[in-house]
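The values are calculated or read from the model by the stated rules, or taken from the named source; none is laboratory data. Just so you know, these numbers come straight off a predicted model, no measurement behind them. As a convention, Cβ positions derive from the backbone with ideal geometry for all residues, glycine included, and neighbour counts pool all protein chains shown.
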Amino acid sequence: METIQLIKLLQENSTKHIQFALDCKTEDLATLNDKADENSWSILECIEHLNLYGDFYNPSLTKSLEKAPPAKSANYKPGFFGNYFTQSMYPKEKLNKMKTFKDKNPAGSTLNLQHLDRFIGQQKEFLHLLELAKKKNLNFRTPISISKWFKLKLGDTFHFVSAHNERHIQQAKRILDAKKA
């Protein structure tokens with residue numbers, strides 16, 4: 001895959017995620033905080049979960065982009081583990097449930113519209129980082145949130161973050177659709 005194609009796909013995803021968050025801002029706070037049951041998340045909890053990951057990934061990606069050498073090739077080939085993690089994160093028909101790390105679990109938090117604003121800001125920053133990535137070697141290794149010793153290719157990390165965002169935006173959309181049904 002051409003690097004520019006990957007980045008364009010990820011930019012399109014982030015733009016859609018921003019639009020969803022903007023659309024959510026027109027909903028009342030009760031709808032955004034409502035849960036189907038005590039074990040599920042609300043729309044704002046889905047967004048806050050993404051914010052907690054954005055707090056790690058945006059600074060980490062920024063540092064990696066500063067260190068990454070210029071691009072050598074117009075093509076990008078995902079790594080084995082990066083591709084595996086990314087594909088496992090994308091929403092599927094039969095979604096595989098995943099356990100959330102305690103420090104990334106927003107359940108029970110008091111949330112408001114500012115959490116949507118924070119998410120929108122993080123997505124705009126992510127778009128800026130993707131713009132910078134166009135000129136960088138996406139094979140450069142970068143740390144991931146689960147371990148500072150295990151690193152993925154920069155391109156895989158961008159793709160993984162985007163897939164993770166998509167997974168939880170789709171979850172939030174299902175919650176919102178159920179509220180409107």
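Taking segment 12-30 on its own, how many of its residues are surrounded by 16 or more Cβ atoms within 10 Å (Cβ to Cβ) and either more than 11 Å from residue 116 (Cα to Cα) or modelled with pLDDT under 95 (or both)? Total meeting the criteria: 3. Residues that are crowded, with 21+ Cβ neighbours inside 10 Å and at pLDDT below 95 within segment 109-135 are absent altogether. Within segment 50-75, the set of residues being under 24 Å from residue 18 (Cβ atoms) and among the hydroxyl-bearing types (Ser, Thr, Tyr) comprises 53, 57, 60, 62, 64. If the condition is being surrounded by 12 or more Cβ atoms within 10 Å (Cβ to Cβ) and not in a helix (DSSP H, G or I), then segment 31-41 contributes 34, 35, 36, 40, 41.
Would you check if residue 91 is modelled with pLDDT of 90 or more and surrounded by fewer than 17 Cβ atoms within 10 Å (Cβ to Cβ)? Spelling it out, it is not the case that residue 91 is modelled with pLDDT of 90 or more and surrounded by fewer than 17 Cβ atoms within 10 Å (Cβ to Cβ).
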